[in-house]
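Okay, structure first, notes after.
The values are calculated or read from the model by the stated rules, or taken from the named source; none is laboratory data. Everything numeric in this text was worked out from a predicted model, so none of it was measured. Neighbour counts run over all protein chains shown; Cβ positions are idealised from the backbone, glycine included.
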Amino acid sequence: MVLYFCFFSRAGSFGVIGPDEPRYASIARAMAETGDWVTPRLDGQPWFEKPVLYYWGAAAAFRLFGVSEFSARLPSAVFATLAALALAWLARKIYGAGTAWAVLLIFPTCVGVFAFARAGTTDMPFSASLALAMVAAYHAMGKSEQPPRRGWQILFGALLGVAALAKGPVAIVLAGGSAGLWVLATGRWKQAWRLAHPLAMIAFCAVAFPWYALCAMRNPEFLSIFLLSHNVERFLTPIFQHEQPFWFYGPILLLGLLPWSALLAGAARDALALWRERKLSASPGFFFACWVVFPLIFFSVSRSKLPGYVLPVFAPLVLVLARSLTRAIEQNDSFAQWQMEWTGVTFLVLAGVTGYRLSRLPSQLEAMTGPEMAVWITAIMTVGLIVSGLGWARKYWASLTLAALLMAGLIEGVNLRIAPLIDQEVSPRAVARAVLAFSDGPGGVRAYRLHRAWRYGLNFYLHGDLPEWRLGSEPPPRILITTEAGARELEKAGARVAMAQRISRQAVIVRVE
């Protein structure tokens, strides 16, 4: 139930948002329509920003279920589910059923995880496939006295190839860097070299190489654009204007782990204890810690930073947190009591912040009346207090399960009540519907001063490239989509603007005379 409500339920409750979702969905739809599964194309032109895995998944979903937001986001939800199950399976093999249960409750209810699992982007398919590859890597290395496990080596190579199809050579860097960091700390070179076995390399090439080779053969500019511009230059320079300070991912991780951020204290305490006892190299958790630390350092050093870049860290970090919590529970440690108490307090804070933010929404976007909001906020705070109370009473599993169910319920509540009402402020879906109601199609419709995210979104919904109109350079179009600020600018320039429909502050439909 938690997996369903966090990843799948009402995935189309709001339209495509941001510049990435509509672009990727448009490329996938073009693949489904043209049958060209090699060259990604946006508005008819080759688009080499990302590899092909997400496009394949979304295009297949479009063919099976029709073109919709749900279909566009389905690949992310499926990959997130596979990652959750693989992590739980690994936790069960190493630590037992308790840690597996904790993983299944914590991983899908982390804000950062379910946010990207419900987004039609490449971030979750990449992070999940890399997590699957690292699960295989753990088993492929095995113990130093054991012979190499050929099946796991082959599976590791194949899954790493899938990750390379999701986002490129960064998959090799993150997997190799994490394993290398572990080797440097433990000195277990022999085990690590098992990941570079020829069988693993052959499996990697068999999965990843065919598409890269075909795309490069059909598009000679592919390698220079994708490898140099969107990988090397993106890492070394702020060319894409995503520059952030070195510490950027610290707050992102804390927010992304909500409501489980308090569990970091237990993991830090356990790591310190292992360090003092000189038992880090003997702990499976140290391998997972290296899997956390290397990507975090790698992306912190990069000149380009976006929240989604650090998503690969969440899978191993949840494993570490779940094991730390269950160890404290098994030992009836008072630290488990403290962590669950503070998890309940986190819900109190979230309820207060949510109530404040909802009260600040414009009147036309109010998701509920004042009394309704008071009931919801009170209910969340009450359940949060129960979570804390169960933790204080040392009913740890009941507290953990109730917290996960509350988070899943909150996601469903937001999708039911809030998302449809703020849809017009965050997505161009309502604008596109209004445009189609005003006319028989996108012909004669132009954009003026729209944010690029809304341009891409309208291109997706109107199934074509929406041209930009320039005042004075061409006759006024039948319908013009602009912002409130854009409409005022036209009036100041002397144009006669008639408001046809106001959708939001981001988009209004006008007629210009």
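Just need a number here: residues in the stretch 455-475 that are surrounded by fewer than 18 Cβ atoms within 10 Å (Cβ to Cβ) and either assigned to a loop (DSSP other than H, G, I, E, B) or at pLDDT below 85 (or both).
Here the count works out to 10.
Please go through the stretch 425-454 and pick out each residue that is of a type in the set (A, V, I, L, M, F, W, C) and either touching a strand residue (DSSP E or B) at 6+ places or on another chain (Cβ under 7 Å) or not in a helix (DSSP H, G or I) (or both).
Listed by number, the residues that qualify are Val431, Ala434, Val435, Phe438, Val445, Ala447, Leu450.
Would you mind stating whether Gln506 is within 28 Å of the chain's Cα centre (by Cα), in contact (Cβ under 8 Å) with a residue 60 or more places away in the chain and in a loop (DSSP other than H, G, I, E, B)?
So Gln506 passes the test.
Can you report the number of residues in the stretch 284-333 which are in a helix (DSSP H, G or I), small (Gly, Ala, Ser) and farther than 18 Å from Phe79 by Cβ?
Of the residues in that region, 6 qualify.
Take the stretch 51-88 and flag every residue that is of a type in the set (Gly, Ala, Ser), in the same structural domain as Val170 (by TED's automatic domain parsing) and within 14 Å of Val162 (Cβ to Cβ).
Ala83, Ala86
Only one residue in Asp36, Asp43 is more than 21 Å from Tyr461 (Cβ to Cβ), surrounded by fewer than 17 Cβ atoms within 10 Å (Cβ to Cβ), out of contact with any helix residue (DSSP H, G or I) (no Cβ under 6 Å at 6 or more places or on another chain) and among the charged types (D, E, K, R), so which one is that?
None of the other options fit; the residue is Asp36.
Find the residue count for the stretch 83-111, including only residues that are aromatic (Phe, Trp, Tyr) and in a helix (DSSP H, G or I).
So the count comes out to 2.
Looking at the stretch 490-513, which of the residues that are charged (D, E, K, R) and under 20 Å from Pro428 (Cβ atoms) is modelled with the lowest pLDDT?
My answer is Arg505.
If I filter the stretch 237-283 down to residues being outside any helix (DSSP H, G or I) and modelled with pLDDT of 80 or more, which single residue comes out as surrounded by the most Cβ atoms within 10 Å (Cβ to Cβ)?
Looking at residues that are outside any helix (DSSP H, G or I) and modelled with pLDDT of 80 or more, I get Trp260.
When residues of the stretch 459-478 are filtered for being out of contact with any helix residue (DSSP H, G or I) (no Cβ under 6 Å at 6 or more places or on another chain) and under 16 Å from Val510 (Cα atoms), how many remain?
So the count comes out to 9.
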